[in-house]
Structures are given as C-alpha cells and as structure tokens.
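These notes are about the structure you will find just below.
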Amino acid sequence: MKRTLLLIALLACSTAAFSQQVASRAKAMRMMAFSRPEFQIKDIKVYTDTMTVYTMANQVIYPFGVWTSMEDYITDNQLHWYRESDYRKYFDSMEVSVNRMTRLDGSYLDLFYSIWTRKVEVLAGHVSDPEIILANGLHAGSSKDDVFKVFFKKYPKSYTSDVSVLKVVSAAGEVAQIYTFKGQRLRHIKIETAYKYY
C-alpha cells in the first residue's frame with residue numbers, strides 16, 4: 001500500500017514538472033514572436049522566476065555604449081566616479097590593467113581597454129545608482145514594463161508577472177546583463193562576463 005502511494009505521488013510530481021516545463025517553453029516561444037528585430041533574439045528560456053534571452057545585439061556586449069577611452073565615458077556621462085586601477089591575470093601569463101569605477105552607493109564597473117578591439121570593454125559591474133544609465137535608457141528604478149519594452153514590441157503582461165530576473169545574454173554566452181526586479185521596479189543591474197583574455 002505504501003509503495004503504491006509513493007508511486008502515485010512520484011508520478012504526480014513528474015507529471016506536474018513536465019507540464020510546467022511544457023508551459024514554460026510555450027511561453028518562451030510566444031515571447032519570441034513579440035521580440036524586437038534589432039535585438040536579433042535567437043532563443044528565450046523561462047525557468048521559475050527567471051527569463052533568459054539570448055541575443056546577437058551588440059548592445060549587450062557594450063551596455064554603456066562604445067568608447068575608445070575611459071576618460072571619454074567619464075566626461076560624457078558627467079558623473080563623479082571614484083577610480084582605482086590594478087592588474088588582473090588572464091591565461092596565467094598575461095596581466096591587464098583594470099579600472100574599477102565606483103559610486104558612493106556601491107555601484108561599480110570594472111573596465112579595461114582592449115588592444116584587440118581598441119574599445120573600452122566591461123568585465124563586470126553592479127549598478128544600483130539610478131543616475132547610471134545604460135545605452136538602452138534603462139537604470140535602477142525603471143519600471144518592469146519599461147525594461148521589457150526595450151526588448152519586446154508588446155507582450156501579454158501575465159507572461160512577465162512572475163518574472164523577477166531577466167537575463168539578457170550574448171549569443172556566444174560571454175556577456176550577460178542581469179536585471180533584478182523588486183515588485184514592479186528594477187532594483188539593480190548586474191553585468192557578468194566570461195572573458196578569459198584581452
């Protein structure tokens with residue numbers, strides 16, 4: 001009797017998990033139809049409260065715009081940054097100069113100038129200061145609706161109501177912008193990279 005009940009419970013759990021996976025995939029496929037063509041979205045995955053969007057857009061790699069020097073970025077946005085420089089190892093034999101730009105609230109950007117691309121590249125960042133604005137116009141404090149409107153022309157609100165994290169990932173998986181919501185507002189933006197070289 002106990003075995004039968006255990007088997008029934010296990011079967012019910014696996015059926016519920018499978019139906020949730022099918023519903024999540026259907027939601028992701030429907031959202032693909034609403035995506036903005038300029039972002040060249042190639043895939044969307046939905047898992048519990050996280051939506052991951054894979055895109056070929058250059059904006060994901062350069063979230064603060066394309067700059068040829070850090071001084072240009074600092075001058076253009078006219079924000080007061082605290083700047084520290086250090087060296088970080090890549091491939092165990094290379095060292096690159098990395099600038100950590102910080103704000104009083106703890107927001108930071110780790111930037112370096114690439115000799116290969118001749119541009120300022122972002123290694124990492126955490127933005128909670130609403131004065132720091134991304135190239136797409138988003139900042140901490142933006143509404144959830146404004147964030148999704150950047151990537152989608154329109155969409156059913158029910159598809160995003162339970163999403164508390166939106167990850168926008170470059171097609172190669174090297175750069176990710178992670179938008180975290182608290183209620184209907186953007187709490188902070190995190191930039192992660194998997195760069196192993198410069």
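Rounded to whole Hz and in sequence order, give me ³J(HN,Hα) for segment 128-143 from the Karplus expression 6.51 cos²θ - 1.76 cosθ + 1.60, θ = phi - 60°, writing x for Gly and Pro.
10, 7, x, 7, 8, 10, 6, 4, 7, x, 7, 7, 4, x, 4, 6
Leaving out ligands, DNA and RNA but keeping every protein chain, what accessible area does Glu121 have, in Å² rounded to the nearest 10, with a 1.4 Å probe?
10
When the solvent-accessible surface of protein heavy atoms is calculated with a 1.4 angstrom probe, in what order do Asp110, Asp72 fall, highest first?
Asp72, Asp110
Taking 31 Å as the cut-off for C-alpha to C-alpha distance, list the pairs among Lys27/Lys190; Lys27/Lys119; Lys27/Lys182; Lys153/Lys182; Lys89/Lys182 that go past it. Display every interim value, and only then the final one.
On the way: Lys27/Lys190 25 Å; Lys27/Lys119 37 Å; Lys27/Lys182 22 Å; Lys153/Lys182 23 Å; Lys89/Lys182 36 Å.
Beyond 31 Å: Lys27/Lys119; Lys89/Lys182.
Ordering Lys190, Lys144, Lys182 by how much accessible area each has at a 1.4 Å probe, largest first, what is the list?
From most accessible down to least: Lys182, Lys190, Lys144.
The values are calculated or read from the model by the stated rules, or taken from the named source; none is laboratory data. Everything numeric here is computed off the predicted structure, so don't read it as measured data. Note: areas computed on protein heavy atoms with side chains; ligands, DNA, RNA excluded. Shrake-Rupley method; radii C 1.70, N 1.55, O 1.52, S 1.80 Å.
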